[in-house]
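Participant: Below is the structure I would like to discuss, written out as structure tokens.
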Amino acid sequence: MNQKLFFTALIVLFLLSGVSHYGHWGTIPEFILSALAILFVAGFLGKATESVAHYAGQRLGGFLNATFGNAAELIIAIFLVRAGEFEMVKASITGSIIGNLLLVLGLSVLLGGLKYKEQTFNVQLAGHNSSLMILAVIALFIPAIFVSAEHFTIDQDRTLSISIAAILIIAYILWLIFSMITHKSILADEEVTTPDHGEEPAWSKTMSIVFLVVATAMTALVSEWLVHTLDSFSERFSLSAIFVGAFLIAIVGNAAEHSAAILLAMKNKIGAAVEIAVGSSLQIALFVAPVLVFVSMLFGETMDLVFTTIELAAIGVAVFIATSISRDGRTNWYEGALLLFVYVILGFAFYLV
């Protein structure tokens with residue numbers, strides 16, 4: 001889609017989504033228009049982030065892509081927390097983690113691998129990512145195990161969740177210091193020369209930052225409109241909260257990562273694509289989920305980090321296959337297909353819940 005057509009669709013869908021929300025057009029039109037609008041808004045956010053990332057370098061650029069790519073999911077989750085929809089929030093966190101590890105990474109590895117026989121990235125970074133993903137799994141498993149223990153009270157559950165949330169945030173901040181300051185050179189990828197290497201972004205540095213701010217504001221608005229329709233939409237089609245959160249919201253919210261990571265992989269920059277996909281999952285597990293615990297406290301009711309057995313199994317499976325495939329620092333198209341197969345299997349399972 002050329003740039004002019006993209007921005008035309010973006011503006012039209014954004015306006016229609018707003019009109020349908022405030023004009024009360026009905027649940028289905030509101031949901032469809034909001035979902036389509038957020039896809040284009042997330043795409044706009046991805047373009048702006050990629051442009052800013054060009055001026056920031058690959059490692060910081062990948063971090064920015066992951067961070068602003070998660071903006072849609074974080075904003076949607078905050079509105080859900082405010083509405084007290086904790087079950088759907090946890091489902092969307094689950095969906096974001098498995099969506100990035102299986103769908104985004106899978107599509108990136110598959111399409112990049114179809115163009116280049118084998119792609120490589122920093123093996124030490126792959127090892128650290130694997131360790132951090134395992135930390136995330138441990139942190140989410142512990143509350144679920146202990147909450148089932150006899151005499152474990154609700155207050156103890158909340159205290160444990162708050163404590164783990166604080167520890168995860170500290171762990172994530174230390175990882176940023178480790179990966180971007182103290183060990184930046186060790187974890188950096190070698191620049192890959194491709195035919196389109198060095199192409200200039202469409203916007204200047206200042207304009208890229210302005211567009212990034214505008215795109216984030218648009219994402220906040222459309223996210224609120226989308227959340228407004230979820231209960232009625234789920235009830236209308238007899239969909240479980242876990243399926244809506246883990247797949248519908250996650251797929252829509254991941255649109256920015258989809259576009260950015262896949263485009264980078266197809267330019268033979270698989271290191272940056274992995275940084276976006278895996279880095280985004282780590283950011284969700286180690287930062288966004290813990291932050292939502294503290295955000296919920298501001299609204300008067302603390303959200304715990306007790307995930308269901310189904311959600312934990314899905315996260316554990318996603319981490320296992322993603323770690324297995326990425327730990328050697330090499331990827332090919334078949335490994336991408338394997339990730340997608342696991343995602344489809346989980347999709348069927350969640351739909352039938």
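The values are calculated or read from the model by the stated rules, or taken from the named source; none is laboratory data. Nothing here was measured: the structure is a model prediction, and the numbers come from that model. Here Cβ is always computed from backbone atoms with ideal geometry, including for glycine, and neighbour counts include all displayed protein chains. Side chains are part of the model used for accessible areas, which takes the heavy atoms of the whole protein and leaves out ligands, DNA and RNA. Shrake-Rupley method; radii C 1.70, N 1.55, O 1.52, S 1.80 Å.
Participant: So if I take the alpha carbon set of segment 29-175, get Rg, then get Rh from the Kirkwood formula, what is the Rg over Rh ratio? Kindly include the intermediate steps, with their values, before the conclusion.
Facilitator: On the way: Rg = 18.4 Å, Rh = 18.2 Å.
Ratio of gyration radius to Kirkwood radius: 1.01.
Participant: Right, here's the next one. Determine the order of Met266, Met303, Met218 by accessible area, beginning with the largest, at a probe radius of 1.4 Å. Walk me through the numbers on the way to the answer.
Facilitator: Working: Met266 70, Met303 0, Met218 30 Å².
Correct descending sequence by accessible area is Met266, Met218, Met303.
Participant: Given the C-alpha centroids of segment 274-314 and segment 331-347, what is the distance between them in whole angstrom?
Facilitator: Measuring centre to centre over Cα atoms gives 24 Å.
Participant: Just the accessible area for Phe121, please: 1.4 Å probe, Å², rounded to the nearest 10?
Facilitator: Here the residue's solvent-accessible area equals roughly 10 Å².
Participant: Moving to a separate point now. Which helices, counted as full DSSP H runs in the chain, have an axial Cα extent of no less than 27 Å and a Kyte-Doolittle average of -1.0 or above? Show your work: numbers first, answer last.
Facilitator: Details: long enough: 3-22 (29 Å, 1.38); 27-56 (42 Å, 1.18); 123-147 (37 Å, 1.87); 154-177 (35 Å, 1.55); 205-236 (45 Å, 0.83); 333-352 (29 Å, 1.74).
Helices meeting the criterion: 3-22, 27-56, 123-147, 154-177, 205-236, 333-352.
Participant: Which of the listed residues, Thr159, Leu212, Val137, is farthest toward the dipole's positive end in the chain, when Lys, Arg count +1 and Asp, Glu count -1 at the beta-carbon?
Facilitator: Leu212
Participant: Could you give the dipole magnitude of segment 34-183 about its Cα centre, charging the beta-carbon of Lys and Arg +1 and that of Asp and Glu -1, in debye to the nearest 20? Present the calculation step by step, with values, prior to reporting the outcome.
Facilitator: Details: 7 positive and 8 negative charges, 106 e Å.
The calculation lands at about 500 debye.
Participant: Give me the 1.4 Å probe accessible area per residue for the chain, excluding ligands and nucleic acids, in Å².
Facilitator: 44 Å²
Participant: Work from the charge dipole of segment 258-353 (Cβ charges, +1 for Lys and Arg, -1 for Asp and Glu, about the Cα centre) and give the residue of Leu305, Ile325, Leu346 farthest towards its positive end.
Facilitator: Of the candidates, Ile325 comes out farthest on the positive side.
Participant: Calculate, in nm to one decimal, what Tyr55 and Val214 gain on full extension: separation in residues at 0.36 nm each, minus their alpha carbon distance.
Facilitator: On the way: separation 159, 0.36 × 159 = 57.24 nm, distance 1.86 nm.
Taking Tyr55 through Val214 to full extension adds about 55.4 nm, to one decimal.
Participant: Using only C-alpha positions, report the orientation-averaged shadow area of the convex hull of segment 123-194, nm², one decimal. Intermediate values should be presented prior to the final figure.
Facilitator: Values: hull surface 25.0 nm².
With the hull built on Cα positions only, its mean projection is 6.2 nm².
Participant: For Asp155, Asp304, what's the largest-to-smallest order of accessible area, 1.4 Å probe?
Facilitator: Accessible-area ranking of Asp155, Asp304, largest first: Asp155, Asp304.
Participant: Right, next: With the Cα gyration tensor of segment 72-144 in hand, convert its eigenvalues to equivalent ellipsoid semi-axes via √(5λ) and list them largest first in whole Å. Intermediate values should be presented prior to the final figure.
Facilitator: On the way: eigenvalues 179, 61, 16 Å².
Gyration-tensor ellipsoid for segment 72-144: 30, 18, 9 Å.
Participant: Restricting the calculation to Cα positions, tell me the Rg (one decimal) and the Dmax (whole number) of segment 248-353 in Å.
Facilitator: Using the Cα atoms of segment 248-353, the pair Rg, Dmax is 15.7, 48 Å.
Participant: Sorting check: for 77-84, 284-291, 208-215, 331-338, which peptide has the highest mean count of neighbouring beta carbons within 10 Å, and how do the rest follow? Don't skip to the end; give the middle numbers.
Facilitator: Numbers: 77-84: 20.1, 284-291: 24.2, 208-215: 17.0, 331-338: 18.5.
The packing order, highest mean first, is 284-291, 77-84, 331-338, 208-215.
Participant: Here's another thing I want to ask about it. Taking the Cα centre of the chain as origin, sum charge times position over the Cβ atoms of Lys and Arg (+1) and Asp and Glu (-1), and report the length of that vector in debye to the nearest 20. The partial results should precede the final answer.
Facilitator: Values: 15 positive and 25 negative charges, 134 e Å.
Using only the charged Cβ atoms, the result is roughly 640 debye.
Participant: Under unit Cβ charges (Lys, Arg +1; Asp, Glu -1), what dipole magnitude, rounded to 20 debye, does segment 216-291 have relative to its Cα centre?
Facilitator: On the way: 3 positive and 5 negative charges, 56 e Å.
Here the size comes out at about 260 debye.
Participant: A further question follows. Of the cross-linked pairs Lys4/Lys269; Lys47/Lys115; Lys90/Lys117, which ones have a Cα-Cα span greater than 32 Å in the structure shown?
Facilitator: Values: Lys4/Lys269 27 Å; Lys47/Lys115 22 Å; Lys90/Lys117 38 Å.
From the list (Lys4/Lys269; Lys47/Lys115; Lys90/Lys117), the Cα-Cα distance tops 32 Å for Lys90/Lys117.
Participant: Same structure, new question: Counting each DSSP H run of 4 or more residues in the chain as -39500 (n - 2.57), what helix-only mean residue ellipticity at 222 nm follows after dividing by all residues, to the nearest 500 deg cm²/dmol?
Facilitator: Values: 16 runs with 261 residues, N = 353.
The helix-only estimate for the chain comes to -24500 deg cm²/dmol at 222 nm.
Participant: Right, something else. Considering only the other residues whose Cβ falls under 12 Å of the Cβ of Leu226, what net charge follows from Lys and Arg at +1 and Asp and Glu at -1? Display every interim value, and only then the final one.
Facilitator: On the way: positive: none; negative: Glu30, Glu73, Glu224, Asp231.
With Lys, Arg at +1 and Asp, Glu at -1, the net is -4.
Participant: Here's a follow-up. Could you work out the local net charge near Val244, counting Lys and Arg as +1, Asp and Glu as -1, over the other residues with Cβ closer than 11 Å to its Cβ?
Facilitator: Numbers: positive: none; negative: Glu85, Glu87, Asp231, Glu235.
Net local charge, Val244 excluded: -4.
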